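The values are calculated or read from the model by the stated rules, or taken from the named source; none is laboratory data. Every value quoted in this text rests on a predicted model; they were computed, and no experiment measured them. All Cβ positions, glycine included, derive from the backbone under ideal geometry; neighbour counts span all protein chains shown.
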Amino acid sequence: MPESTRTPLSPRDRAPAAGTLVPSERLREHLPGVEPERRLNDWGRSERIEGAFDASVVEFFYRYWFRVEVEGIENLPGTGGAMLVSNHSGALPPDAPMIAKAIREEHSHPRPLNITVEHFFKGYPGFSMLIPKIGCVAAHPANVHRLLYDEEQLVLVFPEGRKGTEKLYKDRYRLRRFGRGGFVEAAMRARAPIVPVCVVGAEESAPVFAQLGLFKRITGLLYFPITPTFPHFGLIGMLGYLPAKFKIRFLEPLHFDEEGLHEDKALVQTVAHDVRARIQENLWDMVARRKSVWFG
Amino acid sequence: MTVDSRRILVTGLSTYWGGRLAQALEAFPEVEAVVGVDNEEPQVELERTEYVKVGAQHALLRRVVEAAEIDTVVDTRLVVDSATTSSSKAHENNVIGTMNILAACSGADSPVRKFVFKSSTHFYGCEQDDPAFFDETMGRPHPPRTPIERDIVEAEASVNEFAEKHPDAAVTILRFANVLGPQVRTSHIGLFSLPAVPMILGFDPRYQFVHEDDVVHALEHAVKHALPGVFNVAGDGVLALSEVAGLLGKPYAPIIPPWGTGLAAAALRRVGIRIPPEALAQLRFGRGVDNRRLKATGFHYQHTSREAVLKLGEHLRLHPVVRGAQEPYRYEREVEEFLRWSPHVRNSREKSPRVPQVNGGEPERLAAAEERALEAERIAGRAVERAKAAEEAAAEAERRAIEAARDRASPAGSPVDHYDDLAAEDVIALLGSLERSDLQTLRDYERRNANRSRVLTAIESALTRGETPV
């Protein structure tokens, strides 16, 4: 019987002891089955709403507005859990839905992509309702682990997080700090490969000229940017992207097949730096080859 | 099925759970004694459970435990819904009561070898930065915010302390998700009974439910097996609240504003809609738990979250029609004592025998079982008609007859062991190995019970395949 299940009861006990997040192989068999009559899955994702969104807004931006070009899609494994790590930018970031669409359109074995987002969205009315329905999941280590290890799905993370989308136009394509390497730890614990992804074009499509701290506090939003269309065209102005040419490059995956790698903090940091360096190098390479921001 | 617990004490006998569990435990011949304690009288009819009235604080419990040589204590009395009682009474019951019960079980010479504690997933709370699925190893991300959550955390802490001091006793904590079912009353069922399901504007929280029968079965499971540790108990599947409203066939009403929610709840209370603070937090952020650890110990849920909601929906539609048809049970001390102890009682009612399940390859017994099932169906049909004619007394008797007949008939009608536990895929995989007659029985059984269209079409095609000679 599982002796180890005794809970640390202190209410302030934030982080469970190392390794306790890893359920035994045995627990994977006991995942709940799929109920075909349901329209939502257990994460709150709705195929119907996602499909409608995909066929209209995302389709338009992917095909006609950003004219997305994809390379290296074969680096994304067709089965098993995998973590995609990408650079992040734009006031209302267009990069995540474009990566998801690229996988659906270009990959030989298309799969749904789970996009990790800040906990903020769960607490903000409206977002809280919509965000999970289109495939976004809160960026909690336990969520990432369950998706990667137990459910063997694709997870997209942005280690830059808010620092990436907050940054101004003058800092474009300069990666921020990659968190504390939590994403590498999660991938190693789940023994899932990391696939670095570079996105060029998102920075120019939604340039942020300034951040207004006062309005951020008043509205309770994550940040309050000044873009070509926001705030003077209202919330819909958030979707007012400029038609920059998008290029997405999937890099070769990093594999972590050994068990217990995540306990080596030095290794975690090294890998995090390595992933960051590879994305940065490729971004500069892609920007250098680009002849025009708008035509690629 | 063996139970190593022989002498069982159930606290909270007057609560729905205490009563149901005592009824279930009575049916095991291995169990020598079932003693129920509470400060109120039991609400359900019991056959051999002995009821002992104790004070709310359970101060004298130690004497009962020692005198009866209790080896297993099942503590079902935790208040997990602050709408049912005042917060000071809940605190008295949850914290002081638990402390005293544990004190009664501790000590080097204590006969208690097993302690099962009914807790709640309110232990985890509901916060913005929660994981989508809490597992048993996770603590709360933030300190408790509502009185009831504080009580639950404190009570569990004292149970854990007890477990540490008594390493040879099996201490189980079962954390139940929101319970749904026709018999039980909770604030969430209250909300779902309204003409529209109230929601907070802009939020569609995730909810997980457990059916009342699964609660009793889980408690029973913990008594039957030694399961030290903490286990979440919640049906498979996490539903969005809008999905719940859809399953109940009701519209949802986003009438609670996202800001000033507390004020709105106070205003709603004025008009008779009571939403306790812990439910308000759930209406905003929702909660899902990982139920796999209990499943890994061999426990099977009979209902998923979705099925529990559907069952509740059926009950809510039926309730206004059959209301008041059945007299509630009233405990009468003298009668109960006479039945249990008087030398003049001759034919003490026989314990209802458990019908063994029929295995495949026994056509005669199958046919007999089939007949019995049909008979039960006929009785059921008649009973419904009469109930409509509002003959209250007759209706009650008939309903009992139906229940008894169904109990006998439904397990026997299925040619496959534990058929109800199987998923549709599993059933379809099994079909190839079944005889033609079994297939027909199975088809009828499926039609009567789960009625899954996928299974039915698969059985039909298996039958037609059998007809064409190879």
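Some points to look at:
- Looking at B:S242, B:S158, just one residue is polar (S, T, N, Q) and more than 9 Å from chain A (Cβ to nearest Cβ), and that residue is B:S158.
- Test: residue in the range B:282-293 that is touching a Ser or Thr at 6+ places or on another chain (Cβ under 9 Å), among the basic types (K, R) and more than 11 Å from chain A (Cβ to nearest Cβ): yes
- Considering only residues in the range B:157-170 that are part of a helix (DSSP H, G or I), in contact (Cβ under 8 Å) with a residue 40 or more places away in the chain and under 21 Å from B:L294 (Cα atoms), the one that is nearest to the chain's Cα centre (by Cα) turns out to be B:V159.
- Of the residues A:I236, A:I218, the single one that is among the aliphatic types (A, V, I, L, M) and over 30 Å from A:F66 (Cα atoms) is A:I218.
- Residue within the range B:250-261 that is more than 13 Å from chain A (Cβ to nearest Cβ), in a loop (DSSP other than H, G, I, E, B) and small (G, A, S) present: no
- In this structure, B:R274 does satisfy being in contact with a Gly (Cβ under 9 Å, 6 or more places away or on another chain) and not in a helix (DSSP H, G or I).
- Residues that are among the hydroxyl-bearing types (S, T, Y), more than 10 Å from chain A (Cβ to nearest Cβ), farther than 27 Å from B:A245 by Cα and surrounded by fewer than 22 Cβ atoms within 10 Å (Cβ to Cβ) occur at least once in the range B:88-102.
- For the range A:35-53, a residue qualifies if it is aromatic (F, W, Y) and more than 8 Å from chain B (Cβ to nearest Cβ), and exactly one does: A:F53.
- The set of residues from the range A:198-217 being small (G, A, S) and surrounded by 14 or more Cβ atoms within 10 Å (Cβ to Cβ) comprises A:G201, A:A202, A:S205, A:A206.
- Strands (runs of 3 or more DSSP E) wholly inside the range A:61-122 that include at least 2 residues being within 22 Å of A:L283 (Cβ to Cβ) and hydrophobic (A, V, I, L, M, F, W, C): A:82-86, A:113-117
- Of the residues making up the range B:85-108, those that are polar (S, T, N, Q) and farther than 15 Å from B:T146 by Cα are B:N93, B:T98, B:N100, B:S106.
- Some residue of the range A:134-151 being touching a Ser or Thr at 6+ places or on another chain (Cβ under 9 Å), more than 14 Å from chain B (Cβ to nearest Cβ) and at pLDDT 90 or above: no
- Selected residue (only one of B:I148, B:I173 is in contact (Cβ under 8 Å) with a residue 24 or more places away in the chain and within 9 Å of chain A (Cβ to nearest Cβ)): B:I173
- Selection status of B:H142, part of a loop (DSSP other than H, G, I, E, B), within 25 Å of B:L25 (Cβ to Cβ) and either more than 14 Å from chain A (Cβ to nearest Cβ) or more than 26 Å from the chain's Cα centre (by Cα) (or both): no
- Test: B:A33 is in contact with a Lys or Arg (Cβ under 7 Å, 6 or more places away or on another chain), in the same structural domain as B:H188 (by TED's automatic domain parsing) and under 23 Å from B:K224 (Cα atoms): yes
- Wholly within the range A:201-296, helices (runs of 4 or more DSSP H) carrying at least 2 residues that are in contact (Cβ under 8 Å) with a residue 40 or more places away in the chain: A:202-205, A:265-289
- Within the range B:185-196, residues that are touching a residue at least 24 places away in the same chain (Cβ under 8 Å) reach partners that are charged (D, E, K, R) and in a loop (DSSP other than H, G, I, E, B) with beta carbons closer than 7 Å, at six or more positions or on different chains, in the pairs B:T186/B:D81; B:S187/B:D81; B:S187/B:R274; B:G190/B:R274; B:P195/B:K250; B:A196/B:K250.
- Pairs, first within 9 Å of chain B (Cβ to nearest Cβ) in the range A:111-129, second hydroxyl-bearing (S, T, Y) and surrounded by 18 or more Cβ atoms within 10 Å (Cβ to Cβ), C-beta under 6 Å, six or more apart: A:K122/A:S128
- Single unsatisfied condition, B:M199 versus (1) in contact (Cβ under 8 Å) with a residue 40 or more places away in the chain; (2) surrounded by fewer than 24 Cβ atoms within 10 Å (Cβ to Cβ); (3) not in a strand (DSSP E or B): (3)
- Filter result (among the basic types (K, R) and either under 12 Å from B:A56 (Cβ atoms) or part of a loop (DSSP other than H, G, I, E, B) (or both)) within the range B:77-122: B:R77, B:K89, B:R113
- Among residues of the range A:23-47 being part of a loop (DSSP other than H, G, I, E, B) and within 11 Å of B:K295 (Cα to Cα), the one that is modelled with the lowest pLDDT is A:E29.
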